[in-house]
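Everything below concerns the one structure shown next.
The values are calculated or read from the model by the stated rules, or taken from the named source; none is laboratory data. A quick note: this is a predicted structure, and the numbers were derived from the prediction, not measured. Please note: Cβ atoms are built from the backbone with ideal geometry, for glycine as well, and neighbour counts cover all protein chains shown.
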Amino acid sequence: MATRQVVIDVPEKVLLAEKTDEVGFSRELPILAAVKLYELGRLSSGRAAELANMTRVEFLLSLNRYRVFPLASELEDLEEAHAG
């Protein structure tokens, strides 16, 4: 899979407010972006999982942590995959 690198400037005060450093923030930011883009309907769960560097099942299971709920059809897929 081809990837592109995106560089953003993060004010130090944001890192302090989040009680994290550059490494921790850079790990969580793609997950947060993936969750939000999925929530807005701009990415499918599969594409969002790719952005978050997770499997689709891992991504769907992680949504609860961010108080975002998968669509009903994806819940069925998740249940089938988990039971399988």
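As an exercise: evaluate V7 against (1) exposed (fewer than 10 other Cβ atoms within 10 Å of the Cβ); (2) at positive phi and give the number of the one condition it does not meet. The failed condition is (2). Could you list, in sequence order, all residues of segment 54-84 that are assigned to a loop (DSSP other than H, G, I, E, B) and of a type in the set (F, W, Y)? If the condition is that a residue be assigned to a loop (DSSP other than H, G, I, E, B) and of a type in the set (F, W, Y), then F69 is the only one that fits. Looking only at residues in segment 58-84 that are in contact with a helix residue (DSSP H, G or I) (Cβ under 6 Å, 6 or more places away or on another chain) and farther than 18 Å from E28 by Cα, the one that is surrounded by the fewest Cβ atoms within 10 Å (Cβ to Cβ) is A81. Among the candidates A49, A34, the residue that is in a helix (DSSP H, G or I), within 12 Å of the chain's Cα centre (by Cα) and under 16 Å from R67 (Cα atoms) is uniquely A34. Among residues of segment 40-66 that are under 18 Å from A81 (Cα atoms), those with a beta-carbon under 8 Å from a residue that is basic (K, R) and modelled with pLDDT of 90 or more at least six positions away or on a different chain give the pairs S45/R56; G46/R56; A49/R56. Scanning segment 10-52 for residues that are exposed (fewer than 12 other Cβ atoms within 10 Å of the Cβ), on the phi < 0 side of the Ramachandran plot and of a type in the set (D, E, K, R) gives E12, K13, D21, E22, R27, R42. Being among the aliphatic types (A, V, I, L, M), outside any helix (DSSP H, G or I) and over 9 Å from the mean Cα position of the chain (by Cα): is that true of L43 here? For L43, the condition - among the aliphatic types (A, V, I, L, M), outside any helix (DSSP H, G or I) and over 9 Å from the mean Cα position of the chain (by Cα) - is met.
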